[in-house]
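All remarks here apply to the structure that follows.
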Amino acid sequence: RATLLLSRCLLKMVKGNIIVPEDILSFCCNGLQGSTSPPRAREPGEQEEAPGAMASPSAARNPTEVQMSQLVLPCHTNHRGELSTGQLLKWIDTAACLSAERHAGCPCVTASMDDIYFEHTISVGQVVNIKAKVNRAFNSSMEVGIQVSYEDLCSGKHCSICKAYATFVAQGPLGSKVRLEPLTPQTEEEKIEYSIAAERRRMRLAHKDTLKDLLTSSSQETELETRDGSGAVPAERTRVESVELVLPPHANHQGNTFGGQIMAWMENVATIAASRLCHAHPTLRAIEMFHFRGPSQVGDRLVLKAIVNNAFKNSMEVGVSAEAYGQEMSVSRRHINSAFMTFVVLDQEGHPRTLPMVAPEPGDGERRYREASARKKIRLDRKYVVSCKQTEVPLSVPWDQSNKVYLSYNNVSALKMLVAKANWVLAREKEKVRMYTLEEDKFLSFRIEMSVCIPASRAFSLLSNLRRRHEWDSHYMSAELVQKVDDDDMIYHVVSQKLRNESKPQDFVILASRRKPCSRGDPYVVAFRSVTLPTHPARAEFTRGETLCSGFCIWPESEEMSKVAYYNQAMPGYLTYVTTNVAGLSSDICSTFEACEKFLLKNKEDLISRLQDF
């Protein structure tokens, strides 16, 4: 109100030809647009806001972005004065739902939540900052990215707590699905998240089958722990069952129970189960990816069950489920959700304590025990390969059945991140071929692109087959298909030509991951990265080479024209011929790409001839 009154006074002064200082006039205009205070100079010694902190209100923002700041009060905390994880989950779900509804323009419900790893605890008196925005919209579902940090008001310190991805479904009248408008990313960060969202969606859809396959094999290989079980705690002693009545404050505007509220109730019973094992107050460290199987409404009774499935040296897995039923007990219960939560118990110095072992009950108890061991390996693989930064992933990660989905994800997402980067510099242009370079702290990347008169799908099929690479790339000697993982992922053993001043040729074990467009505007993708296979160790006649991130992106320009781009991200000392060519702007790379064009055109004509003969 004060800003509005001041603006009106200034407007009268302007009309009366009274000079108004430009900074005051700018402040009033910003105030009318929603700014709460004018820009202020930073005090001496004041730190710049940390990355991940809430953005300035005046900064350009994604229209779906929602920011929430909550002061942690004693009613939000546990006995240690730390924010309850259940309360945090409620805030996360609320912010993410509001972001989803901004884009959809209609009510949305939580469909799933990816793995969440909690890095720090939050104390009473600190501020929780949550930023949520839609990364990508698919047909009727959308991915919402959530960043959570805390702020200490006294010291001004900011610290990241967790990063989460939630999937929401838009609902129309009577629960019908709503077709969503596509989202157009603007910034480099948004383009990266938009591109990788399609790969995360693919991983979610494969999650259930991956677990089923791995747990089947693990149940045959994983034996019960053989250490002294004299002090083991029977798993049945940790079992918890609790019932909650869904009231209007627990529901959204459709009368459905908030997903965050269900997660908070599940976290509560899981904490009790964990406490019964260790006779201490545990700390929740991670929640595994889970899906909501159906809704519950106001008036439902939710039965929440939890039990410790397995206890490892410093952590334990608690399985928890939620079932709903109405007033009539005769009606069968509806399974709402199941989740697996990992807890630790911290000592005075904040280090995880050693936990007692669990004695599972015969039958289902032993099955849950073995499955928990398998899930632990899966969680470690997923966190190691998917959650860490690209610079923290070693070049050649060992490939096996437990991490095949996550290595494929990392392979494709690393290439998509490279494609979305800005600041590419044109280094050379030769006729239709353009070469760009990108210099970063530890990497030297290059991009070669050209337009080719060939359908994108045909170019995709030809370039994704490494066994034909030697037909146009003189650096390749041979490529042997070692293992066909599935229709989209294959592992090759590649031998390159001997480099100048080198005594023997290089060889590579390469995972090739291919992806067709997820929606209109997406490219065809063929990504390459090194992996390690026990069947193909390094051999004396070769120098084992490694590729961090490389591959093709193919964009359809018309039915008969495609833009083909090749990317390669190199580290110092890796692929000598690449770094030499880029540093000297040699024509060798451009010549290789011209040979690639001739290869594509020749095989396009061969295909046309075969079709005509047929």
Only one of these conditions is not met by S464: (1) out of contact with any Cys (no Cβ under 6 Å at 6 or more places or on another chain); (2) over 22 Å from S408 (Cα atoms); (3) surrounded by 16 or more Cβ atoms within 10 Å (Cβ to Cβ). Which number is it? (2)
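Yes or no, residue by residue, for (1) in contact with a Pro (Cβ under 9 Å, 6 or more places away or on another chain); (2) farther than 26 Å from S84 by Cα; (3) modelled with pLDDT of 95 or more:
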site: R202; (1), (2), (3): no, yes, no
site: T216; (1), (2), (3): no, yes, no
site: E225; (1), (2), (3): no, yes, no
site: G229; (1), (2), (3): no, yes, no
site: P249; (1), (2), (3): no, no, no
site: Q254; (1), (2), (3): yes, yes, no
site: F258; (1), (2), (3): no, no, no
Name the residues in the range 336-378 that are touching a helix residue (DSSP H, G or I) at 6+ places or on another chain (Cβ under 8 Å), acidic (D, E) and either surrounded by fewer than 17 Cβ atoms within 10 Å (Cβ to Cβ) or assigned to a strand (DSSP E or B) (or both), would you? E361
List the strands (runs of 3 or more DSSP E) inside the range 122-199, counting only whole elements, that have at least 2 residues being of a type in the set (F, W, Y). 158-170
Odd one out for G260 among (1) open to solvent by less than 30 Å² (accessible area, probe 1.4 Å); (2) part of a helix (DSSP H, G or I); (3) touching a strand residue (DSSP E or B) at 6+ places or on another chain (Cβ under 7 Å): (3)
Count, please, the residues in the range 295-318 that happen to be part of a strand (DSSP E or B) and buried (at least 21 other Cβ atoms within 10 Å of the Cβ). 11
Quick one: is A164 under 25 Å from F340 (Cα atoms) and open to solvent by less than 30 Å² (accessible area, probe 1.4 Å)? yes
Of the numbered conditions (1) assigned to a strand (DSSP E or B); (2) surrounded by fewer than 17 Cβ atoms within 10 Å (Cβ to Cβ), L438 fails exactly one; give the number of that condition. (2)
Could you go through the range 70-79 and let me know if any residue there is among the β-branched types (V, I, T) and open to solvent by 20 Å² or more (accessible area, probe 1.4 Å). yes
Scan E119, E151 and give me the residue that is crowded, with 19+ Cβ neighbours inside 10 Å, touching a residue at least 12 places away in the same chain (Cβ under 8 Å) and either assigned by the TED database to the domain that holds R515 or not hydrophobic (A, V, I, L, M, F, W, C) (or both). E151
Return the only residue of R375, R334 being modelled with pLDDT of 90 or more and in the same structural domain as Y117 (by the TED database). R334
Test E471 against the stated conditions and say whether it is at pLDDT 90 or above and farther than 30 Å from R202 by Cα. yes
Which condition number in (1) within 24 Å of V485 (Cα to Cα); (2) surrounded by fewer than 21 Cβ atoms within 10 Å (Cβ to Cβ); (3) at pLDDT below 75 is the one that K389 fails? (1)
Within the range 511-529, how many residues turn out to be surrounded by fewer than 22 Cβ atoms within 10 Å (Cβ to Cβ) and more than 30 Å from L180 (Cα to Cα)? 0
Output for the range 244-275, where each listed residue is out of contact with any Leu (no Cβ under 9 Å at 6 or more places or on another chain) and among the aliphatic types (A, V, I, L, M): L247, A251, I272, A273
So is S141 in the same structural domain as I196 (by the TED database), closer than 30 Å to G294 by Cα and open to solvent by 10 Å² or more (accessible area, probe 1.4 Å) or not? yes
Any residue in the range 275-289 that is within 22 Å of N337 (Cβ to Cβ) and of a type in the set (G, A, S) sitting within a Cβ distance under 6 Å of a residue that is surrounded by 18 or more Cβ atoms within 10 Å (Cβ to Cβ) and modelled with pLDDT under 90? List the pairs, counting only those 6 or more apart or interchain. none
Scan the range 467-492 for residues that are out of contact with any strand residue (DSSP E or B) (no Cβ under 9 Å at 6 or more places or on another chain) and open to solvent by 50 Å² or more (accessible area, probe 1.4 Å) and jot them down. E471, S474, D486
Residue selected from the range 546-588 under the condition of a type in the set (D, E) and touching a strand residue (DSSP E or B) at 6+ places or on another chain (Cβ under 9 Å), by the criterion modelled with the highest pLDDT: E557
Output for Cβ contacts, cut-off 7 Å, separation at least six or different chains, first residue over 15 Å from R469 (Cα atoms) in the range 587-605, second at pLDDT 80 or above and open to solvent by less than 20 Å² (accessible area, probe 1.4 Å), reads C590/V433; C590/M435; K604/I454
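The values are calculated or read from the model by the stated rules, or taken from the named source; none is laboratory data. Just so it is clear, the structure is predicted and the values come from calculations on it, not from any experiment. Positions of Cβ are generated from backbone atoms using ideal geometry, with glycine treated the same way; all protein chains shown enter the neighbour counts. With ligands, DNA and RNA removed, areas are computed over all heavy atoms of the protein, side chains included. Shrake-Rupley method; radii C 1.70, N 1.55, O 1.52, S 1.80 Å.
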